[in-house]
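Q: Below are the structure tokens for one structure; questions will follow.
Please treat every number below as a calculation from the coordinates, not as lab data. What you are looking at is a predicted structure, and each value in this text was computed from that prediction instead of being measured. Please note: Cβ atoms are built from the backbone with ideal geometry, for glycine as well, and neighbour counts cover all protein chains shown.
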Amino acid sequence: MEKNTKRMTDSYTVMTDLVFPNDMNHHHTIFGGKVMAYIDRIAAISAMRHCHKDVVTASTDSVDFLGPVKEGEILVLNAFVSFTRRTSMEVCVHVYSENPKSGERKLTTTAYLTFVAVDDEGRPTEVPVVIPETEEEKAIYCGGEARCRARMARRQKFKEKV
């Protein structure tokens with residue numbers, strides 16, 4: 001591999017937590033905001049593992065809640081850098097609920113976030129190019145450019161309104 005490249009697996013991060021009663025909303029499922037906080041945290045860790053620099057959240061493109069997480073279940077989050085540009089990294093996050101008695105896992109949430117690497121003065125700084133290796137990684141990576149263009153167009157649209 002080239003010097004300024006990293007494999008997707010180099011940034012792979014797993015986080016687990018047990019869902020307690022104080023995590024619940026009035027539907028008796030985990031608060032979406034709590035899940036979003038976990039997603040931002042694990043995605044930041046994954047981005048830092050990729051570039052070995054400080055990072056800031058630039059965008060949360062999507063958070064898709066696919067199913068509920070119930071009290072007593074184990075929350076399992078997986079994150080990895082899925083696409084890079086010069087100073088930014090897209091991070092893909094998958095969240096699962098796991099039944100602690102059966103071991104059954106269900107995909108409950110997916111998300112894409114973008115982070116920018118910053119130097120000690122808070123200025124954007126270059127990051128390594130991410131290299132996909134497996135077929136699944138390549139498929140996610142191939143969609144990265146389109147997701148990036150959509151982010152940039154959305155940002156430009158909002159800047160024009162300001």
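Q: Let a ≥ b ≥ c be the square roots of the eigenvalues of the Cα gyration tensor of the stretch 1-81; is it rounded (a/c under 1.5), or, if not, prolate (a/b larger than b/c) or oblate?
A: Prolate.
Q: Figure the gain on full extension for Y12 and C142 (residue separation times 0.36 nm, minus the Cα-Cα span) and round it to one decimal in nm.
A: 45.0 nm
Q: So for the stretch 47-98, taking the charge dipole from beta-carbon charges (+1 Lys/Arg, -1 Asp/Glu), which of Y96, G67, N78 sits furthest toward the positive end?
A: N78
Q: Could you tell me the calculated FRET efficiency between H28 and R105, based on Cβ-Cβ distance and R0 = 22 angstrom, to the nearest 0.05?
A: 0.65
Q: Give the total of Lys-Lys pairs in the chain with Cα-Cα distances below 15 Å; include a pair only if its members are 8 or more places apart or on different chains.
A: For the chain, the number of qualifying lysine pairs is 5.
Q: Treat each spin label as a single point 7 Å out from the Cα along the C-beta direction, and report the T57 to V129 distance in nm.
A: About 3.0 nm separates the two model spin labels.
Q: Where nothing but the Cβ of Lys and Arg (+1) and of Asp and Glu (-1) is charged, how large is the charge dipole of the chain around its Cα centre, in debye to the nearest 20?
A: Roughly 560 debye for the chain.
Q: Right, next: Sort 84-91, 57-64, 21-28 for me by packing, meaning the mean count of neighbouring Cβ atoms within 10 Å per residue, highest on top.
A: Working: 84-91: 21.5, 57-64: 14.5, 21-28: 10.6.
In decreasing order of mean packing, 84-91, 57-64, 21-28 become 84-91, 57-64, 21-28.
Q: Taking the number of other C-beta atoms within 10 Å as the exposure measure, put T9, T108, T29 in order starting with the fewest.
A: Numbers: T9 13, T108 23, T29 20.
Lowest count first: T9, T29, T108.
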